[in-house]
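The values are calculated or read from the model by the stated rules, or taken from the named source; none is laboratory data. Because the structure is predicted, anything quoted here is derived from the model rather than measured. Quick reminder, even Gly has a Cβ in these numbers, built from the backbone with ideal geometry, and neighbours come from all protein chains shown. Ligands, DNA and RNA are excluded from the accessible area calculation, which covers all protein heavy atoms including side chains. Shrake-Rupley method; radii C 1.70, N 1.55, O 1.52, S 1.80 Å.
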Amino acid sequence: GNGSSMGDGSSVGNDSRMGAYSRVGDRSSMGDGSRMGAYSSMGNGCCPTLPEHLLTIGPLGRDRRPLTAWLTAPGGPWVYTGCWPTDGDASLEAFERAVQYTHGDNAHGRAYRAAIAAIRLMAQAVQS
């Protein structure tokens, strides 16, 4: 949960989550698909296992945060930006629905839709 901590050399399994302001100790590792909340930190010498084929675009949105897409995620691209995903569904389709609901056709919505189009093109390119 929020504010949790893990000792040095700890390991967190695949698809795990930690809340905002959490801390992972030195030399710790996180499994594939794991994520940490905003303002979280990882200790010295700690290196998360990153998936292949990441695309980062930004800054975007009213908070001007980077958007990162895991292009080869199981089931299609997964999207992470700011506090997204809020319910654990990081799919591109869920993100697209949230963008439409939240931003409609304003400038942020148009920028996010351009990023979504780029993510789709890049995902096709790396999977062919």
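Table: residues versus (1) surrounded by fewer than 16 Cβ atoms within 10 Å (Cβ to Cβ); (2) of a type outside the set (Val, Ile, Thr); (3) under 24 Å from Gln127 (Cα atoms).
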residue	(1), (2), (3)
Asp63	yes, yes, no
Asp87	yes, yes, no
Ala90	no, yes, yes
Glu93	yes, yes, yes
Ala107	yes, yes, no
Ile116	no, no, yes
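For a quick check of your reading of the model, give me the residue pairs whose first member lies in the stretch 78-103 and is within 11 Å of Gly61 (Cβ to Cβ) and touching a residue at least 12 places away in the same chain (Cβ under 8 Å), whose second is outside any helix (DSSP H, G or I) and open to solvent by less than 20 Å² (accessible area, probe 1.4 Å), with beta-carbon atoms closer than 6 Å and at least 6 apart or on different chains.
If the second residue must be outside any helix (DSSP H, G or I) and open to solvent by less than 20 Å² (accessible area, probe 1.4 Å), the pairs left are Thr81/Leu67.
Could you tell me whether any residue of the stretch 32-51 is modelled with pLDDT of 85 or more, under 21 Å from Ala125 (Cα atoms) and in a loop (DSSP other than H, G, I, E, B)?
Start the filter on the stretch 32-51 by keeping residues that are modelled with pLDDT of 85 or more, which leaves none.
Within the stretch 32-51, not a single residue is modelled with pLDDT of 85 or more, under 21 Å from Ala125 (Cα atoms) and in a loop (DSSP other than H, G, I, E, B).
Hey, Leu67 hits all of (1) open to solvent by less than 60 Å² (accessible area, probe 1.4 Å); (2) free of Cβ contacts under 8 Å to residues at least 40 places away in the same chain; (3) in a strand (DSSP E or B) but one; which does it fall short on?
(2)
Restricting the search to the stretch 70-85, which residues are loosely packed, with under 13 Cβ neighbours inside 10 Å and over 14 Å from Ala123 (Cβ atoms)? Even if it seems obvious, please write down each step before you answer.
Let us first name the residues in the stretch 70-85 that are loosely packed, with under 13 Cβ neighbours inside 10 Å, namely 74-75, 83.
Within the stretch 70-85, just Cys83 meets the criteria.
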